[in-house]
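Notes follow once the structure below has been shown.
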Amino acid sequence: MEEFDVVVAGGGPGGSTVAALVALQGHRVLVLEKEVFPRYQIGESLLPSTVHGVCRLLGVADELANAGFPVKRGGTFRWGARPEPWTFSFAVSPRITGSTSFAYQVERSRFDEILLNNAKRKGAVVREGCTVTGVLEAEGRVTGVHYTDPGGDRHEVSAKFVIDASGNKSRLYSTVGGTRNYSEFFRSLALFGYFSGGKRLPAPYSGNILSVAFDSGWFWYIPLSDTLTSVGAVVRREDAEKIQGDQEKALNALIAECPMISDYLSGAQRITAGKYGEIRVRKDYSYHQTVFWRPGMILVGDAACFVDPVFSSGVHLATYSGLLAARSINSVLAGDVDEKTALTEFEARYRREYGVFYEFLTSFYQMNVNEESYFWQAKKVTNNQHTEIESFVDLVGGVSSGEAALTPSDRILERSAEFAEAVDRMAGADDGSMVPLYKSHVIRQAMQEGGQVQMTAALGEDAEPETPLFPGGLVTSPDGMKWLPHHPA
Ligand code: FAD
């Protein structure tokens, strides 16, 4: 049987990140990817911490910069009480356009291939067209996987660690134990296609994602090149049957319902051939596994959890969890930290980040209150949603938020009101400053860890020493690749 230190199932952003960062430390890594790249994937709008944090640690930031992806300075929203669109910019002030205050909009076929090729260059063995079919176990530990190769032959490989990074269709995730809890609050359906010739937002925000709320839900409008646009509607799950019938008609009807998107697409043609020629549907995408690891096996990216398409957190959570998993494995294989301590740190940080985005996105949805709309009524945080919100707070162990005096739904209502007020102040001021938004609780939390990862990637040894994220927790090594015990000065 072949032997590796780490076997990764899935070569998406989560899998490629962990593979490259472990291979960089000289360990033997095998990536098994079901498809042959380049392959289609949804999730095209990135956040700065992926581009300037994780991708810099991966050594791929310059290649990304030269790939010609549209520069995303932030998000423009027709969302909430204001009738006019407002813009959330990654640069806190228009006067401080820092070199890391942007992300990219990416065709995932190209982005994911860049990351997978990078993993190969960093020393990982990558086998495409290979489907992992299950795990090997011995004495309570996961010890490897079995897979089928492109010819249909079955193989077994052993590994000290197995990473499940095989996305939301993972067949392996349940072997870590626990359950996959689906969210009622974010339970929606996405219907999406691609257009040629759509309008662009005025400069300098022509590369922004545009998100537009309307009666039946909301649209994303993502510029993937000067002419190519990804357009998707997020609507009620109950509309599934209607949509399955004639997807083209359903998408056109939704576009016609939303004046801003109709206007942006008025001179555009839907692409009907090639990888962008299909209208696609996704549902049941919002869930979390109640357990993220067991001895010998770790869940990364969508195999573990995903919140919602709004605000582009999916690739961030996938690459961030890949980074956390790599730090843990590198520390254990180097003999610096025991497995339980390293993976407890992995799980606590990953849950915290998931929790931060869960709370932010719940508050964000809360801004649209439309008494007439079934979609927006279901996205209103009410006291009836205690069960879901409380079980989520239990899951993150209360780490994403503090005040014990408030019930979870009261806290979300309070955070949402604070955020809506910050949007109002920001959009009402004429200096373009993002300071009110960056002062709001949900944005501060959502930017905190990503900012720390960017700092480590940019400054390395020169970065300020980190303090543990949790009492008694570990800190990141100066090169960002491992965990270290914390010794207070
Ligand atoms: P994936 O990207 O799914 O990669 C998993 C890989 O594993 C695939 O290549 C697959 O072929 C492979 N695989 C599967 N099974 C096996 C197997 N058995 N053996 C071997 N290989 C296997 N995120 C954003 O950041 N921005 C967005 O704008 C955004 N929009 C979204 C819109 C919608 C409607 C949805 C549903 C999601 C969106 N996301 C977005 C989320 C994003 O798509 C995911 O979070 C992200 O792709 C997760 O990366 P991953 O590496 O975990 O998994």
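The values are calculated or read from the model by the stated rules, or taken from the named source; none is laboratory data. All values derive from a computational prediction rather than experimental measurement. Cβ sites come from the backbone with ideal geometry, for glycine too, and all protein chains shown count toward neighbours.
Conditions tested, residue by residue: (1) buried (at least 20 other Cβ atoms within 10 Å of the Cβ); (2) within 10 Å of the ligand (Cβ to nearest atom).
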{"site": "Arg121", "(1), (2)": "no, no"}
{"site": "Arg127", "(1), (2)": "no, yes"}
{"site": "His146", "(1), (2)": "no, no"}
{"site": "Lys160", "(1), (2)": "yes, no"}
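Residues of region 181-213 being closer than 29 Å to Glu359 by Cβ, away from the ligand (no atom under 14 Å from the Cβ) and either under 20 Å from the mean Cα position of the chain (by Cα) or surrounded by fewer than 21 Cβ atoms within 10 Å (Cβ to Cβ) (or both), which ones?
Within region 181-213, Asn181, Glu184, Phe185, Leu201, Tyr205, Val212 meet the criteria.
Mind listing just one residue for me: the one in region 405-434 that is among the hydroxyl-bearing types (Ser, Thr, Tyr) and within 15 Å of Tyr365 (Cβ to Cβ) and, of those, surrounded by the most Cβ atoms within 10 Å (Cβ to Cβ)?
Checked region 405-434; the qualifying residue surrounded by the most Cβ atoms within 10 Å (Cβ to Cβ) is Ser416.
Suppose we filter region 319-339 for residues that are within 13 Å of Leu57 (Cβ to Cβ), under 17 Å from the mean Cα position of the chain (by Cα) and polar (S, T, N, Q); how many remain?
The number of residues fulfilling the criteria is 1.
Name the residue that is nearest to the ligand (Cβ to nearest atom), counting only residues in region 331-366 that are farther than 30 Å from Glu421 by Cα and touching a helix residue (DSSP H, G or I) at 6+ places or on another chain (Cβ under 6 Å). Walk me through how you get there before you give the answer.
The first filter runs over region 331-366 and keeps only residues farther than 30 Å from Glu421 by Cα, leaving 331-348.
Among the residues that remain, those that are also touching a helix residue (DSSP H, G or I) at 6+ places or on another chain (Cβ under 6 Å) are: 331-332, 337, 339, 342-343, 346.
Working: Ser331: 22, Val332: 22, Val337: 25, Glu339: 22, Ala342: 21, Leu343: 18, Phe346: 15 Å.
Restricting to residues being farther than 30 Å from Glu421 by Cα and touching a helix residue (DSSP H, G or I) at 6+ places or on another chain (Cβ under 6 Å), the top hit is Phe346.
All but one of (1) over 19 Å from Lys482 (Cα atoms); (2) within 14 Å of the ligand (Cβ to nearest atom); (3) of a type in the set (A, V, I, L, M); (4) in contact (Cβ under 8 Å) with a residue 60 or more places away in the chain hold for Val71; state the number of the condition that does not hold.
It fails just one condition, (2).
If Gly59 satisfies every condition in (1) on the phi > 0 side of the Ramachandran plot; (2) over 23 Å from the mean Cα position of the chain (by Cα) but one, which is the exception?
(2)
Where residues in region 38-60 are of a type in the set (A, V, I, L, M) and within 8 Å of the ligand (Cβ to nearest atom), which of them is nearest to Val135 (Cα to Cα)?
Of everything passing the filter in region 38-60, Ile42 is nearest to Val135 (Cα to Cα).
Out of Glu63, Glu107, Glu113, Glu35, report the one residue that is modelled with pLDDT of 95 or more, farther than 22 Å from Tyr350 by Cα and more than 14 Å from the ligand (Cβ to nearest atom).
Values: Glu107 fails: more than 14 Å from the ligand (Cβ to nearest atom); Glu113 fails: more than 14 Å from the ligand (Cβ to nearest atom); Glu35 fails: more than 14 Å from the ligand (Cβ to nearest atom).
Checking each option against the conditions leaves just Glu63.
Counting just the residues of region 294-310 that are more than 6 Å from the ligand (Cβ to nearest atom) and of a type outside the set (A, V, I, L, M, F, W, C), which one comes out farthest from Ile42 (Cα to Cα)?
Only one residue fits best here, namely Pro295.
Criterion first (buried (at least 20 other Cβ atoms within 10 Å of the Cβ) and not small (Gly, Ala, Ser)) does Trp79 satisfy it?
Yes, satisfied.
From Gln41, Gln105, grab the single residue that is surrounded by fewer than 20 Cβ atoms within 10 Å (Cβ to Cβ) and under 18 Å from the mean Cα position of the chain (by Cα). Let's see the steps before the verdict.
Values: Gln105 fails: surrounded by fewer than 20 Cβ atoms within 10 Å (Cβ to Cβ).
The conditions single out Gln41.
Considering only residues of region 214-224 that are of a type outside the set (A, V, I, L, M, F, W, C) and within 16 Å of the ligand (Cβ to nearest atom), which is surrounded by the most Cβ atoms within 10 Å (Cβ to Cβ)?
Step by step, filter region 214-224, then rank; the result is Gly217.
From the list Ala318, Ala326, Ala250, pick out the single residue that is over 30 Å from Val145 (Cα atoms), small (Gly, Ala, Ser) and in a helix (DSSP H, G or I).
Checking each option against the conditions leaves just Ala250.
With the requirement that a residue be part of a strand (DSSP E or B) and either within 16 Å of the ligand (Cβ to nearest atom) or over 15 Å from Gly144 (Cβ atoms) (or both), what does region 3-28 give you?
Phe4, Val6, Val7, Val8, Ala9
Spot the failing condition for Val92; the list is (1) assigned to a loop (DSSP other than H, G, I, E, B); (2) within 13 Å of the ligand (Cβ to nearest atom), and only one is missed.
Condition not satisfied by Val92: (2).
Any residue in region 162-174 that's farther than 12 Å from Gln41 by Cβ and more than 6 Å from the ligand (Cβ to nearest atom): show its pairings with residues that are of a type in the set (Ser, Thr, Tyr) and part of a loop (DSSP other than H, G, I, E, B) at Cβ separation under 6 Å, as long as the two are six or more apart or on different chains.
Asp164/Ser170
Which one of Ser328, Ser313 is of a type in the set (Gly, Ala, Ser), more than 17 Å from Glu388 (Cα to Cα), touching a residue at least 60 places away in the same chain (Cβ under 8 Å) and within 16 Å of the ligand (Cβ to nearest atom)?
Only one candidate qualifies: Ser313.
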